[in-house]
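Enquirer: Okay, handing you the structure first.
The values are calculated or read from the model by the stated rules, or taken from the named source; none is laboratory data. Just so we're clear, the structure is a prediction, and the values are computed from it rather than from any experiment. Please note: Cβ atoms are built from the backbone with ideal geometry, for glycine as well, and neighbour counts cover all protein chains shown.
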Amino acid sequence: MTTALEGVAAAAITPRRDDDGSLDLGAALEIIDYLAGSGVAAICLLGTTGEFLHFGIEERARLTNFAVKRTTLPVLANVSHSTLEGAVELARQAAAGGAAALLLMPPYFFRYPQSDLEAFYLGFAEELDGGPPLVLYNIPFFSNPLETATVERLLAGGRFAGIKDSSGDWASFLELKRLRERSPFRLLVGNDVLFTRGRSAGADGVVSGVACAVPELITALDRAIRSGNAAAVERLEGALQEFLARIDPLPTPVGVREAVALRGLKTGPHAVPPGGENARRLGEFREWFPGFLAAVKKECEGV
């Protein structure tokens, strides 16, 4: 299996143009440069943090293609789509563009039984015979949930290299961990709230939205976990949970986008302009984040 499915992969935001909300490729490549120099092991494009559903197939393929050319880091591409045909087309283009691995969540919006989800994944794998590793992407907040029994059957077939579990549910993670003990596969934490517990329990890595906003924190925390530095883990985990507490009341991924913008990078407008209570929360976040970032950078030194 590939090292693209190990360590910290930063889930990148996708900048949008101010005039029409389309992909801002120049700004996106600047974010690729920023992440490439941040110490992360890989970059994940067009996932939930990357708001893939706001962009067409051509835009998504174009970003993946240019990102692969821009960096020496492995690029993971989310190829999720509401249809099998769309997912296959995205996957073919991402594979041709040089993506190191392909992530696929269940079809979103409409509800489907597990038997349909299994058929969806098997049909996808059949169409993508060969090429980059295929990774299941479980994110029940925004799509159909993948039950453990379905995951077990799909992984047993050998067509999928592992799973990115974004459920944020510890019991679900433990089920996957037990499943991996019987039949090895790559197990990635996909929800930052469980990163420390999951990585400490043996997860191969994380696909982290926070790593786009504060890569210093997630990479230092990963080092502390792997080296057994319990005191540093406790301190940095506290900082991670503090950041999450600030962004969780906001719609996904507004807080991460704001943090990236506050670091001086161009992000473009939010897909839905925050109003009312969220506008107030954003104002508070903008005042709080610079001081938090400075403290975190200092805390991460030497870890």
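Enquirer: Somewhere in the range 195-203, is a residue surrounded by 15 or more Cβ atoms within 10 Å (Cβ to Cβ), within 18 Å of Leu104 (Cα to Cα) and free of Cβ contacts under 8 Å to residues at least 60 places away in the same chain?
Expert: Scanning the range 195-203, I find no residue that is surrounded by 15 or more Cβ atoms within 10 Å (Cβ to Cβ), within 18 Å of Leu104 (Cα to Cα) and free of Cβ contacts under 8 Å to residues at least 60 places away in the same chain, so the answer is no.
Enquirer: Run down Pro133, Pro113 and say which single residue is of a type outside the set (Gly, Ala, Ser), over 20 Å from Gly209 (Cβ atoms) and crowded, with 16+ Cβ neighbours inside 10 Å.
Expert: Being of a type outside the set (Gly, Ala, Ser), over 20 Å from Gly209 (Cβ atoms) and crowded, with 16+ Cβ neighbours inside 10 Å holds for just one of Pro133, Pro113, which is Pro133.
Enquirer: Since Arg111 meets every condition but one in (1) part of a loop (DSSP other than H, G, I, E, B); (2) under 23 Å from Val254 (Cβ atoms); (3) not polar (S, T, N, Q), which condition does it not meet?
Expert: So the condition that Arg111 fails would be (2).
Enquirer: Please indicate, with yes or no, whether at least one residue in the range 240-263 is assigned to a helix (DSSP H, G or I) and among the hydroxyl-bearing types (Ser, Thr, Tyr).
Expert: No, the range 240-263 has no match at all.
Enquirer: Among (1) more than 18 Å from Val272 (Cα to Cα); (2) surrounded by 15 or more Cβ atoms within 10 Å (Cβ to Cβ); (3) at pLDDT 95 or above; (4) within 18 Å of the chain's Cα centre (by Cα), which single condition is Leu46 missing?
Expert: Against the list (1) more than 18 Å from Val272 (Cα to Cα); (2) surrounded by 15 or more Cβ atoms within 10 Å (Cβ to Cβ); (3) at pLDDT 95 or above; (4) within 18 Å of the chain's Cα centre (by Cα), Leu46 comes up short only on (1).
Enquirer: If only one of Gly255, Gly268, Gly283, Gly276 is closer than 19 Å to Asp20 by Cα and either touching a residue at least 12 places away in the same chain (Cβ under 8 Å) or of a type outside the set (A, V, I, L, M, F, W, C) (or both), which one is it?
Expert: The conditions single out Gly268.
Enquirer: Within the set of pairs 6+ apart or on separate chains, which have a first residue in the range 55-69 that is farther than 13 Å from His81 by Cα and touching a residue at least 24 places away in the same chain (Cβ under 8 Å), a second that is surrounded by fewer than 16 Cβ atoms within 10 Å (Cβ to Cβ) and of a type in the set (Gly, Ala, Ser), and C-beta atoms under 6 Å apart?
Expert: Val68/Gly98
Enquirer: Here's something else I'd like to know. For Leu244, only one of the following conditions fails: (1) within 30 Å of Asp19 (Cα to Cα); (2) of a type in the set (A, V, I, L, M, F, W, C); (3) surrounded by fewer than 18 Cβ atoms within 10 Å (Cβ to Cβ). What is its number?
Expert: (1) is the only condition that Leu244 fails.
Enquirer: Please go through the range 127-150 and give me each residue that is touching a residue at least 24 places away in the same chain (Cβ under 8 Å) and among the charged types (D, E, K, R), ordered by number.
Expert: Hits for the range 127-150 are Glu127, Glu147.
Enquirer: Follow-up. Could you list, ordered by first residue, the pairs with Cβ atoms under 7 Å in which the first is in the range 90-110 and on the phi > 0 side of the Ramachandran plot and the second is of a type in the set (Gly, Ala, Ser), at least 6 apart or interchain?
Expert: Close Cβ pairs (under 7 Å, with a partner that is of a type in the set (Gly, Ala, Ser)) amount to Phe109/Ser82.
Enquirer: Do we find that Ala271 is at negative phi and in a helix (DSSP H, G or I) in this structure?
Expert: No.
Enquirer: Give the number of residues within the range 218-239 that are closer than 18 Å to Gly168 by Cβ and more than 16 Å from the chain's Cα centre (by Cα).
Expert: Residues that pass the stated criteria total 2.
Enquirer: Gly47 is checked against (1) touching a Lys or Arg at 6+ places or on another chain (Cβ under 9 Å); (2) farther than 30 Å from Ala119 by Cβ; (3) part of a loop (DSSP other than H, G, I, E, B); (4) of a type outside the set (Val, Ile, Thr) and fails just one. What number does that condition carry?
Expert: That leaves (2) as the condition not met.
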